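We did not get these values from a lab; they are worked out from the coordinates using the rules stated. Being a predicted model, the structure only gives us computed values, none of them experimental. Virtual Cβ from ideal backbone geometry, glycine too; neighbours counted across all protein chains shown.
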Amino acid sequence: MEVLQKVFRFMALWGILFALWMLYTLDFHPGSLSLGLVFSAATSLFTFTIFFGEPGTQSRIVYRFDLVLWYLVLLIIQNYIASFTLIHQMLTGSYSSGVVRVKTRLKSRIGKTLLANTISLVPGTLSLWLEGNYIYVHWFDQKTSHRLKAGRIIKEPMEGIIMRIFG
């Protein structure tokens, strides 16, 4: 029974990743589709334990899809706000860039990596280095050099959601 359940979960993950491939490429030629099948199968093999954990455990991402959707919505909103702010700062020349060290409360490696990548996706910030519980961030408009205040501004909107998804 457990093997059948793992096979079903693997096939479901493979199908979801292949559907995302098709949405991303919008190319329905046989070569693109076969490449998508291969890449989505390989990605499913390497990420299966991230989504479904060890045998007998349940994945939180499967049961908290609402949080993943909320994360994506907040990321889009945050990107739009940051884009307009960045354009205004560039046109007026009212900015001072710098590097700050931000501490994260996340425990899992995938959570820390997702937070660092989320920071890099927001215009005006770029994650430079992830070391332990610290992320070094280049900030286009460094409002403060204080680690805690900078952390609240840079990571707070997303860290709570990522913590609830991955821990």
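Per 5 Å bin, what percent of the C-alpha pairs of region 2-59 does each bin hold, from zero upward?
4, 20, 26, 21, 13, 9, 5, 2
Tell me whether region 83-167 comes out rounded, prolate or oblate; compute the Cα gyration tensor, take square roots of the eigenvalues as a ≥ b ≥ c, and use a/c under 1.5 as the rounded threshold.
Prolate is the answer for region 83-167, as a/c is 1.5 or above and a/b outweighs b/c.
What fraction of the Cα pairs in region 71-115, stated in percent, has a spacing above 16 angstrom?
On the way: 609 of 990 pairs.
Cα-Cα pairs in region 71-115 separated by more than 16 Å: 62 percent.
Between TRP70 and MET11, what length comes free when the chain is fully extended (0.36 nm per residue of separation minus the Cα-Cα distance, one decimal in nm)?
On the way: separation 59, 0.36 × 59 = 21.24 nm, distance 2.53 nm.
Taking TRP70 through MET11 to full extension adds about 18.7 nm, to one decimal.
Using a cut-off of 19 Å between alpha-carbon atoms, which aspartates and glutamates can reach LYS143, once sequence neighbours fewer than 8 places away in the same chain are excluded?
GLU156
Name the lysines eligible as straight-distance cross-link partners of LYS107: C-alpha to C-alpha under 16 Å, and not fewer than 8 places from it in the same chain.
LYS155
What nm distance separates the two modelled labels at LYS107 and TYR95, each placed 7 Å from Cα along Cα→Cβ?
Taking the simple label geometry, LYS107 and TYR95 are separated by 3.8 nm.
Using the reciprocal of the averaged 1/r over all distinct C-alpha pairs, how large is the Kirkwood radius of the chain in Å? Don't skip to the answer; put the middle values down first.
On the way: mean 1/r = 0.0552 Å⁻¹.
Radius from the Kirkwood sum: 18.1 Å.
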